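The values are calculated or read from the model by the stated rules, or taken from the named source; none is laboratory data. All figures in this text were calculated on a predicted structure; none of them were measured in a lab. Here the Cβ is made from the backbone with ideal geometry for all residues, glycine too, and neighbour counts use every protein chain on show. The area values use the complete protein model at the heavy-atom level, side chains included, leaving out ligands, DNA and RNA. Shrake-Rupley method; radii C 1.70, N 1.55, O 1.52, S 1.80 Å.
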Amino acid sequence: MPTPRSFKQEITCVFGQPVAENPTQLMIERAFAHHGLDWRYLTLEVSTADLGDAIRGMRAMGFRGGNCTIPHKVAVIRHLDRTNESAGLMGAVNCIVREGRELVGYNTDGQGFVASLRTLADPVGKSIVLLGAGGAARAMSVELALAGAAKITIVNRSAERGRELAKLLTERVGKPAEFVEWRGDYRVPADVDVLVNATSIGLFPDIDARVNVAIDSLRPDLIVADVIPNPPQTRLLRDARARGCRTLDGLGMLVNQGVIGFRLWTGIDPDPRVMHAALQEVFG
Ligand code: NDP
């Protein structure tokens, strides 16, 4: 006789990515299966014009939550009931959670990075340099500031974007931040503890693209992190390891942001090894 099972399915969804081959869907659905949850994580492509209707649909259909990606991370906020503190400061949401009758916006990108960093070092009191000032850098720098980093330096090619992020950190998060315009090879100052590539340089298929950093300024006591999950072993991380640095890859950050979302939706602490293995199948 077949084992009786419940057919009630709770659903999370992701907006904004092509439907085929979504690595996050694979990672989350593996974790649902591993933890015996009869849930689904669907990938739904939604146009900018339809975003409001899609969120109303989530409410009507009783979704537990979802992720949203570019180009919806900022626009989605006005369709939600509220955001948590850090997503409000960043002005960007990548994770939606139903709390009672409300849909609440979180941003797990930065928290995922902080969780990865904590496997090597506590951010409290650290001097951290972020290369880049886009969405990922914004999320990471706000969370690092809230987690107690002593000093944050934003290094970016576009001065306007870099200055704006340093201003946000200083004025809204209350963490004085410095902006350095990125021209030529950046030399990592001797007092820096953590260097993060938060740009899209090195993402497949441009896997040999070089992050303009003076490799001889990478000291063995420096932690070097990269947001790029595909491929996880970037040129920057290979160079850093050759210099004796400890490194963190973008796959770990992606798993950690998935762990945080999973916990928010289900109340269960998922096994990160199952999620990591799923992503490794995709990214190698
Ligand atoms: P954005 O487009 O918002 O920002 C891109 C940033 O990269 C900008 O600061 C841009 O500088 C900089 N940049 C791009 N190309 C160059 C270049 N050739 N030289 C110098 N700077 C450059 O992207 P996101 O911040 O949203 O994403 C960045 C990366 O982070 C993506 O590859 C994404 O896959 C990854 N990511 C990884 C996550 C994870 O969990 N591992 C989570 C979220 C993102 P400028 O302002 O001058 O244009």
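Going by the alpha-carbon gyration tensor, a ≥ b ≥ c the square roots of its eigenvalues, is the stretch 167-284 rounded (a/c under 1.5) or, if a/c is not under 1.5, prolate (a/b greater than b/c) versus oblate? Cα axes put the stretch 167-284 in the oblate bin.
3J(HN,Hα) along the stretch 46-58: 10, 7, 4, 5, 9, 4, x, 5, 5, 5, 4, x, 4 Hz, from the Karplus curve 6.51 cos²θ - 1.76 cosθ + 1.60 with θ = phi - 60°, whole Hz, x for Gly and Pro.
Note on the chain: dipole from Cβ charges, positive end direction compared against Ile154, Met140, Gly62; the farthest Cα belongs to Gly62. Amide H contacts for Ala225 (H built 1.01 Å from N in the peptide plane; partners 5 or more residues away or on another chain; cut-off under 5 Å): Leu195, Val196, Asn197, Leu248. The HN-Hα couplings worked out from phi for the stretch 189-195 by the Karplus form 6.51 cos²θ - 1.76 cosθ + 1.60 (θ = phi - 60°) are x, 5, 8, 7, 9, 9, 10 Hz, whole numbers, x standing for Gly and Pro.
Measuring nothing but protein heavy atoms, the accessible surface of the stretch 111-248 at 1.4 Å probe radius is 49 percent carbon and sulfur. What the pair-distance distribution of the chain shows, using all Cα-Cα distances binned every 10 Å from zero, is 6, 28, 34, 22, 7, 2, 0 percent. Applying the Karplus relation 6.51 cos²θ - 1.76 cosθ + 1.60 with θ = phi - 60° to the stretch 230-236 yields 3J(HN,Hα) values of 9, x, x, 8, 7, 4, 4 Hz, where x marks Gly and Pro. As a rough guide to protection, the peptides 222-232, 207-217 ranked by mean Cβ packing within 10 Å, highest first, stand as 222-232, 207-217. Run through the DSSP bridge list for the chain and note the antiparallel percent, rounded to the nearest 5. Antiparallel bridges make up about 20 percent of those DSSP assigns within the chain.
For Asp50, the accessible surface of its heavy atoms amounts to roughly 80 Å² (probe 1.4 Å, protein chains only, rounded to the nearest 10).
Between the amide H of Ile152 and those of Ile128, Glu178, distances stay under 5 Å, these residues lying 5 or more places away or on another chain, with hydrogens modeled in the peptide plane. Subtracting the Cα-Cα distance of Asn212 and Arg78 from their residue separation scaled by 0.36 nm leaves 44.5 nm. The charge dipole of the stretch 56-178, taken about its Cα centre with unit charges on the Cβ of Lys, Arg, Asp and Glu (plus for the first two, minus for the last two), comes to roughly 260 debye.
Note on Asp221 and Arg59: their simple-model spin labels are 5.4 nm apart, each label 7 Å out from Cα toward Cβ.
Order the following by accessible area, largest value first: Tyr106, Tyr41. Probe radius 1.4 Å; ligands, DNA and RNA are ignored. Before the final figure, lay out the partial values.
On the way: Tyr106 35, Tyr41 0 Å².
If we order Tyr106, Tyr41 from most to least accessible, we get Tyr106, Tyr41.
Solvent-accessible area per residue in the stretch 111-248 equals 44 Å², computed with a 1.4 angstrom probe and all protein chains kept.
The count of lysine pairs in the chain whose Cα atoms are under 21 Å apart, excluding pairs fewer than 8 places apart on the same chain, comes to 7.
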